[in-house]
Amino acid sequence: MKVIAFAGSLRKGSFNHGLVRAARELAPAGMDIIDADISAIPLYNGDEDGDNRPAAVTALADKVKAADAVLFATPEYNYSIPGVLKNTIDWLSRVPGGIFAGKPAAIMGASMGGMGTSRSQYHLRQVLIFLDMHPLNKPEVFVSAAHEKCDENGDLRDEKSREMIAAQLKALQEWHQRLS
């Protein structure tokens, strides 16, 4: 099972990049998690859509097409999805063929606050429904007080959070099998 993982932050020491790294370490047998590098995706411009789509968007779209499922690790900015993640999704949603449609998805997130990206994840679920994806409902992964659970590089060290990620990835694998 091939999973493409989007970390919704460009920050070098991002806690959410740390969640993706932890997910790669904790993936169940038979699951391969690859990174979706969103750093080269330009701001969406409808004039560049269609045949003029930027190469970075086309390359990322090809990776999404090849994936069996999608993993999102999102911070929460102003109670919602970070602009860089939403921008990437907006670009990819305009690639012909509905490349997200029918794919199972899991959402996790880390923040320094006490709610662990719950509002951001709720907004992201709304976007995924529009894209005709199949978001996994449970188990949920909300890593609150991430600055206390991650090291200086953003790597997740909290064992309980790591267990939640492992459980979510197993459930994603089972969800993919049910949908296939």
Check your understanding: If you plug each phi of segment 75-86 into the Karplus form 6.51 cos²θ - 1.76 cosθ + 1.60 with θ = phi - 60°, what whole-Hz ³J(HN,Hα) values come out, in order, with x for Gly and Pro?
Key -> x, 10, 10, 6, 6, 8, 6, x, x, 5, 6, 4
**Study point:** 12 Å beta-carbon shell around Val20, net charge (K/R +1, D/E -1)
**Key:** -2
Point to revise | Inter-site label distance for Ala55 and Asn153 at 7 Å from Cα along Cβ, in nm | key: 3.0
**Study point:** Share of alpha-carbon pairs per 5 Å distance bin for the chain, given as whole %
**Key:** 1, 9, 19, 22, 22, 15, 8, 3, 1, 0
Point to revise | Fraction of antiparallel bridges per DSSP, segment 2-179 only, in percent to nearest 5 | key: 10
**Study point:** Virtual paramagnetic centre 7 Å along Cα→Cβ of Gln177, amide N under 14 Å, in segment 8-35
**Key:** 28-31
Exercise for review: Would you mind pulling out the separation of the Cα centroids of segment 72-116 and segment 1-58, in Å?
Suggested key: 10
Check your understanding: Under a plain spin-label model, where a point goes 7 Å from the Cα along Cα-to-Cβ, how far apart in nm are Ala167 and Asn78?
Key -> 3.4
Check your understanding: Rounded to the nearest 500, what is the chain's calculated 222 nm mean residue ellipticity when only DSSP H runs of at least 4 contribute -39500 (n - 2.57) each, over all residues?
Key -> -12500 deg cm²/dmol
**Study point:** Ascending count of other beta-carbon atoms within 10 Å, so fewest first, for Leu179, Leu71
**Key:** Leu179, Leu71
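Computed from the coordinates by the stated procedures, all read-outs in this text should not be read as laboratory data. Fair warning: this is a prediction, and the values are worked out from it, not measured in the lab. Note that each Cβ is placed from the backbone with ideal geometry, even for glycine, and that neighbours are counted across all protein chains shown.
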